[in-house]
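Student: Mind having a look at this structure? Questions to follow.
The values are calculated or read from the model by the stated rules, or taken from the named source; none is laboratory data. Because the structure is a prediction, the values reported are computed rather than measured. All Cβ positions, even for glycine, are placed from backbone atoms using ideal geometry, and neighbour counts span all protein chains on display.
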């Protein structure tokens, strides 16, 4: 006799199954995010890629130029330095590429340390000690390259005045001097740049490029901490809900296996279909979601971040697909296992059935007529024969 699942158990099983599906979908991203998104080793191959290496000197130059042309920090600049883009190009030519790669790598490592709760504050800074030495040694070349890119004095409305002896860099006009005054102008600008490079701090923060207020940073970190803690707990919650569903349906194991197996296969199939659609238009999806945020970054760094999002996001989705395939395979295994499971029987009901059979046997035995008891000893047998012979003699006499 099969055991039936109570109706109330089926109702609770449906409700818990819905909750399980809602929790399981984000649970698929828990392990891939921990293994890929917050793993520093994931970003190093992207940073060292030749596609983005040329962007790093430009990123460092932008940071220096922003600091150099900050009037509140440096003060009034000489009129000759009015061409900011020209000076930026001249400085960028003398920034070591290998050093820039190491700087960007350390920058990502510091950021991930903060996101992995290993640092108390987002101190995204770069060590410029080696850069300072390189720029001071090449200050003459930077000054010459900058003057070479300027329009010559005397063209248009700018005249070519002579540079008096003892003049300072503030006396230089915003143009390229003639051959006679070029060496003196180059030396004056080189000394000014060397003094500026020497006064730079040993570390420069990149937080100036990403404008975040202190209050916004604290709110973001609090929300991020709670969200990541909850994301780590989602797999445990999913397993707990699945155990509760199996307990409610344990009366019929074949129903339990079919219920859970179909639910896992159906849910994984829908998620796999959605991820495949996302992979087809992954570039467009990243452009729509990330471009508004990347515009706040300095030029060059936005290109790097876009490449990082593409590469890391793609790897994360691949890991999620692998997790979905494993869970779907487990669901198929449960559906196949159902065929080899015997229907559950009620063990307590076996005893009343045996008792009923005994009662029925006793009733039938009582209804049968009693049989004569046959003699068992020799004396009883002889006495019985005498009685029968005497009866037979009386019958003829009576006749």
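Student: Report whether or not residue 73 is modelled with pLDDT under 85 and closer than 30 Å to residue 319 by Cβ.
Tutor: Answer is no for this residue.
Student: Which helices (runs of 4 or more DSSP H) sit wholly inside the stretch 35-130 and have at least 1 residues that are more than 36 Å from the chain's Cα centre (by Cα) and buried (at least 17 other Cβ atoms within 10 Å of the Cβ)?
Tutor: Correct list: 55-68, 84-92.
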